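Step one of this worksheet: look at the structure below.
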Amino acid sequence: MPERRKIIRQLLLLAMILFSHAVMAQQGTIRGRVFDEETNEGLPFVNLVIDGTNIGSTTDLDGNFLFTGISPGFVRLRVSAVGYETRVSAEIMVTGTRTANIDIGLQEVSVELEAVEVTASQFERSDQSPVSLRRLGIKEIERSPGGNRDISKVIQGLPGVASTPAFRNDVIVRGGGPAENSFFLDGVEIPNINHFATQGASGGPVGILNTDFIREVEMYSGAFPANRGDAMSSVFEFRQVNGNSDKLNFQATLGASDLALTADGPLGPNTTFIASARRSYLQFLFGVVGLPFLPTYNGFQFKTNTRVSENATLSFIGLGAIDLFDLNLEANETPEQRYILDYLPVNEQWNYALGAVYRRFRSNGTETWVLSRNMLRNMAYKYPGNIETLPRLLDYESDEIENKLRFERSLTLGDYRLNFGAGGEYARYFNQTMQQVFINNQLDKIDYDTQFDLYKWSMFAQATRRIIDDRLSLSLGLRSDANNYSSRMSNLLDQLSPRFSASYRLRDNLYLNFNTGRYYQLPAYTTMGFRNNEGLLINRENQLTYISSDHVVAGFELLPDRNSTLSIEGFYKVYDNYPFSVNDSVALGSSSADFGIVGAEEVTSTGEGRAFGAEVFYRNQDLRKWNIIMSYTLVRSEFKDIHSKYVPSAWDNRHIVNLTGLRDLPNNWEIGFKWKYSGGSPFTPYDAELSSRVSAWDVQGMGYFDYSRFNSERLPAFHQLDVRVDKQFYLANFSLMLYLDIQNVYNFKSTQPPILTLEEDEAGMPVIYEDNGIMRYRLKELQNSFGNILPSIGIIIII
């Protein structure tokens, strides 16, 4: 027996030695190229240093460089060359199982080298957009506490973005609604970034984008570049990694709600690829805990990148989702479960986006062609009492298809940097709706089929220049969009969208920044395609037109050192021509979004609103070894009611705080936390008299809002603390990464608007009574809150 124990101890010791050796033996490689941003010419003899270390390298005659023996983790490269601005690269993830690839463009300086002492900051500034531009690197994306590798949740930690309930990913920026944002993936516009998308808005419970693909996110909450349109609150740029050029790699990820498989590698000497598939298992978890709905989602994503020639690249990207939202009819024991089953429809969606990006470098700049197609199919139905032998209360099917082509030319003429181009689009919208409704104190039925083809066109240009020894940068842009929907939208001159930015360097590290602009956005297809029962496109008859928003933003930015930045901004947004509901007498931009469809109703382009406030943003990459992102936003969001009086919108959170901290620990451990706070949002109480009518309740399965008291009540504030712990094992042939993510650590209970439901008798049947010849249900309000400690684990294996 002692001999056996001795053998076991020796075997364990040997395993530990081998394991330790495997962990210590793995080192990473970084390969890349440094080039001139204007000409794509490789730059020789450029100095590169891993930021924060003395480890360096130099490019060869073609601009190529190589680092070997690098410790795994996240690193940045500091790049400097004679005659070029010093630059700090985006973060790179280094592992021993795959080569990290990065290409870095440098911009030629316009002043004498001897007169300038350059200290590159971690935070790259933009002359086009000197205000309201924020970035997240790969580490903040991968390690975001509470994010669970869901990019749609990660971006809710950015400045000015309000926190929403845990089951929603609405993007609410500086008091603007979730339909006011646009999203670009490697320059290709994608209509939505969430599974189970709210048609006509941008919300949904789970993000579509796979974080394995994302290397950087940029958010513009103002100062939108002229080459980006159809947005009033924010523009998001998601930049993807390229596949490995050396060998084939695989990654498997088991997260809180899904399993993902990713592969990347070379397809040829000049082509790389990365592709993934995801499958959720939420339906099994929800079934076990007895939730009355069962969501299932599937996601697909790919990218190829080909170096066509020395001066041209061609990329193909793809993104898709198949989503099914079914009912769990066995989960009907509680009033809350029965309430959800009574109103919630069965929903099925699928969507995709495909794009090709051709980029060619010329002698003084680049030209870019972007061709893309995206489609959304949304289907929903509802039976009375979920009894499928009865006629449906709702039968909905809709398609949104867009085919887009955009051309851009960027070049330098003397001291001016120019960007100009044009775009064309062919869209098709189809909608078949049958819905039982209760309007004007009587039952009615909305029943229409609609289909139309839409042609859109746009032009844009922007010029940027630095003057006064590069202390003052100026940027002037102009954009215009039009389409053939109606004469109100067909003239480019009616949608002229100017924008102007200025940034003055008061000291070497202090800037005064300003931007103003007018931005236009097309109403949702659900609104444009709505027909009344006479078959008319009633909103076209009502002179529906583009929504406009005028922005003014000004503030200061201080760069105390190369690792930190502090900015203070004030902003003011004015909305005009917002779709205004004829039935409810409120602007669509002021009402809250939920699952389903937004905007499928009669409107007029008469809504007016405003959002204004101030924002403080502080970021430090090394505050006592913590990577800190902190912001406070004071915001008011209001729209005029039918009496031209300003009332709070659903996004009037007043106070928004986001605080994120990440820290590396010895032996490849990492910890992080995120604390978020949003002031209570307004809500509209129910109309008890209308809701209690049997005929009204039965067609909707829930209460009706009292729009005469629109957003007259307000919820308490919401706040939550999330923490995360990561551990990485870098082994000889593979990497193993584990994380524990705990959401809502102190178990905060968030109050939501009360639920109006039916009072039941002892047999579980609704109580019905007669009131002056009208049959009514007896109603009761249920307090509605959510919030539990939600721990989850993640396992990532990279081979």
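The values are calculated or read from the model by the stated rules, or taken from the named source; none is laboratory data. The structure presented is a predicted model; accordingly, all values stated were derived computationally and were not measured. When we count neighbours, we look across all protein chains shown, and the Cβ atoms used for this are built from the backbone with ideal geometry, even at glycine. Calculation scope for accessible area: heavy atoms of the full protein, side chains included, ligands and nucleic acids excluded. Shrake-Rupley method; radii C 1.70, N 1.55, O 1.52, S 1.80 Å.
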Just to be sure, is N386 at positive phi and in contact (Cβ under 8 Å) with a residue 40 or more places away in the chain?
yes
Considering only segment 383-419, state which residues are acidic (D, E) and within 30 Å of R479 (Cα to Cα).
D399, E400, E402, E408, D415
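Yes/no per residue for (1) within 21 Å of the chain's Cα centre (by Cα); (2) under 23 Å from S549 (Cβ atoms); (3) buried (at least 20 other Cβ atoms within 10 Å of the Cβ); (4) of a type outside the set (S, T, N, Q):
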position	(1), (2), (3), (4)
R610	no, yes, no, yes
W626	no, no, no, yes
I629	yes, no, yes, yes
F639	no, yes, yes, yes
Matching option when the condition is over 20 Å from A353 (Cβ atoms) and either at pLDDT below 90 or out of contact with any His (no Cβ under 6 Å at 6 or more places or on another chain) (or both), among N305, N298, N249:
N249
Among (1) aliphatic (A, V, I, L, M); (2) farther than 23 Å from R499 by Cα; (3) open to solvent by 10 Å² or more (accessible area, probe 1.4 Å); (4) within 12 Å of the chain's Cα centre (by Cα), which single condition is V241 missing?
(4)
Which residue pairs have Cβ atoms closer than 8 Å, lie 6 or more positions apart in sequence or on different chains, and pair a first residue in segment 688-703 that is at pLDDT below 95 with a second residue that is in a helix (DSSP H, G or I) and open to solvent by 50 Å² or more (accessible area, probe 1.4 Å)?
Q700/Y343; G701/D342; G701/Y343; M702/D342; M702/Y343; G703/A688
Residue check, L522 in contact with an Asp or Glu (Cβ under 9 Å, 6 or more places away or on another chain), of a type in the set (A, V, I, L, M) and within 30 Å of N378 (Cβ to Cβ):
yes
Could you check, for segment 331-346, whether at least one of its residues is at pLDDT 90 or above, surrounded by fewer than 19 Cβ atoms within 10 Å (Cβ to Cβ) and in a strand (DSSP E or B)?
yes
Residues in segment 197-228 that are open to solvent by less than 10 Å² (accessible area, probe 1.4 Å) and of a type in the set (F, W, Y): how many?
2
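Select, from R709, R693, R724, R776, the only residue that is closer than 30 Å to S649 by Cβ and touching a Ser or Thr at 6+ places or on another chain (Cβ under 9 Å).
Working: R693 fails: touching a Ser or Thr at 6+ places or on another chain (Cβ under 9 Å); R724 fails: closer than 30 Å to S649 by Cβ; R776 fails: closer than 30 Å to S649 by Cβ.
Exactly one residue qualifies, and that residue is R709.
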Residue among N491, N515, N539 that is closer than 23 Å to Y455 by Cα and open to solvent by less than 20 Å² (accessible area, probe 1.4 Å):
N539
Residue list for segment 646-659, filter: farther than 12 Å from G609 by Cβ and either open to solvent by 70 Å² or more (accessible area, probe 1.4 Å) or in contact with a Pro (Cβ under 6 Å, 6 or more places away or on another chain) (or both):
R654, H655
So, in segment 722-750, exactly how many residues are modelled with pLDDT of 90 or more and open to solvent by 40 Å² or more (accessible area, probe 1.4 Å)?
12
State all residues of segment 715-731 that are within 21 Å of the chain's Cα centre (by Cα) and among the charged types (D, E, K, R); if no residue qualifies, say none.
D722
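Looking only at segment 660-675, which residues are open to solvent by 30 Å² or more (accessible area, probe 1.4 Å), in contact (Cβ under 8 Å) with a residue 24 or more places away in the chain and not polar (S, T, N, Q)?
Of the residues in segment 660-675, the ones open to solvent by 30 Å² or more (accessible area, probe 1.4 Å) are 663-669, 671, 673, 675.
Those left that are additionally in contact (Cβ under 8 Å) with a residue 24 or more places away in the chain: 663-664, 668-669, 671, 673, 675.
Scanning segment 660-675 gives R663, D664, W669, I671, F673, W675.
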If we only count strands (runs of 3 or more DSSP E) wholly inside segment 691-766, which ones have 3 or more residues that are hydroxyl-bearing (S, T, Y) and either more than 17 Å from D342 (Cα to Cα) or touching a Leu at 6+ places or on another chain (Cβ under 8 Å) (or both)?
750-758
Collect the residues in segment 42-75 that are touching a residue at least 24 places away in the same chain (Cβ under 8 Å) and acidic (D, E), keeping them in residue-number order.
D51, D62
In the list R406, R417, which residue meets the criterion of being modelled with pLDDT under 95, crowded, with 20+ Cβ neighbours inside 10 Å and either closer than 18 Å to F460 by Cβ or aliphatic (A, V, I, L, M) (or both)?
R417
Is segment 432-452 home to any residue that is in contact with a helix residue (DSSP H, G or I) (Cβ under 6 Å, 6 or more places away or on another chain) and open to solvent by 70 Å² or more (accessible area, probe 1.4 Å)?
yes
Pairs only if they're at least six apart or on different chains, beta carbon under 9 angstrom, first in segment 347-369 and over 27 Å from A312 (Cα atoms), second open to solvent by 20 Å² or more (accessible area, probe 1.4 Å) and of a type in the set (K, R); list them, first residue then second.
E348/R377; Q349/R377; W350/R377; N351/R377
Among (1) open to solvent by less than 50 Å² (accessible area, probe 1.4 Å); (2) at pLDDT 95 or above; (3) under 26 Å from R562 (Cβ atoms), where does L506 come up short?
(1)
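May I ask you to list the residues in segment 28-69 that are outside any strand (DSSP E or B), open to solvent by 20 Å² or more (accessible area, probe 1.4 Å) and hydroxyl-bearing (S, T, Y)? Lay out the reasoning, then the answer.
Of all residues in segment 28-69, those outside any strand (DSSP E or B) come to 37-41, 43-46, 51-55, 59-63.
Of the ones still in play, those that are also open to solvent by 20 Å² or more (accessible area, probe 1.4 Å) are 37-39, 41, 44-45, 51-55, 60-62.
Passing the criteria: T39, T53.
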When you scan segment 456-472, how many residues do you find that are touching a helix residue (DSSP H, G or I) at 6+ places or on another chain (Cβ under 9 Å), among the hydrophobic types (A, V, I, L, M, F, W, C) and buried (at least 17 other Cβ atoms within 10 Å of the Cβ)?
0
Please specify each residue of segment 185-194 satisfying the condition of being surrounded by 24 or more Cβ atoms within 10 Å (Cβ to Cβ) and at pLDDT 95 or above.
L185, V188
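So, in segment 321-330, exactly how many residues are open to solvent by 10 Å² or more (accessible area, probe 1.4 Å) and part of a strand (DSSP E or B)?
First, pick out the residues of segment 321-330 that are open to solvent by 10 Å² or more (accessible area, probe 1.4 Å): 322, 324-330.
Cutting the leftovers down to part of a strand (DSSP E or B) gives us 322, 324-327.
Going through segment 321-330 one residue at a time, the tally reaches 5.
Do you know which residues across segment 475-488 are in contact (Cβ under 8 Å) with a residue 24 or more places away in the chain and open to solvent by 40 Å² or more (accessible area, probe 1.4 Å)?
The initial filter retains those residues of segment 475-488 that are in contact (Cβ under 8 Å) with a residue 24 or more places away in the chain, namely 475-479, 481-486, 488.
Answer for segment 475-488, where residues must be in contact (Cβ under 8 Å) with a residue 24 or more places away in the chain and open to solvent by 40 Å² or more (accessible area, probe 1.4 Å): L476, L478, N484, R488.
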Just a yes or no: is a residue in segment 456-467 on the phi < 0 side of the Ramachandran plot and not in a strand (DSSP E or B)?
no
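Here are some residues: S750, S735. Which one is among the small types (G, A, S), more than 30 Å from V647 (Cβ to Cβ) and touching a Ser or Thr at 6+ places or on another chain (Cβ under 9 Å)?
Working: S750 fails: more than 30 Å from V647 (Cβ to Cβ).
The unique qualifying residue is S735.
For the condition within 15 Å of G794 (Cβ to Cβ), surrounded by 14 or more Cβ atoms within 10 Å (Cβ to Cβ) and among the hydroxyl-bearing types (S, T, Y), what is the one hit in T272, T262, T306? Quick ask: steps written out before the conclusion?
Numbers: T272 fails: within 15 Å of G794 (Cβ to Cβ); T306 fails: within 15 Å of G794 (Cβ to Cβ).
Result: T262 is the single residue among T272, T262, T306 that is within 15 Å of G794 (Cβ to Cβ), surrounded by 14 or more Cβ atoms within 10 Å (Cβ to Cβ) and among the hydroxyl-bearing types (S, T, Y).
Can you find, within segment 214-229, the residue that is farthest from L418 (Cα to Cα) among those that are charged (D, E, K, R) and modelled with pLDDT under 95?
R215
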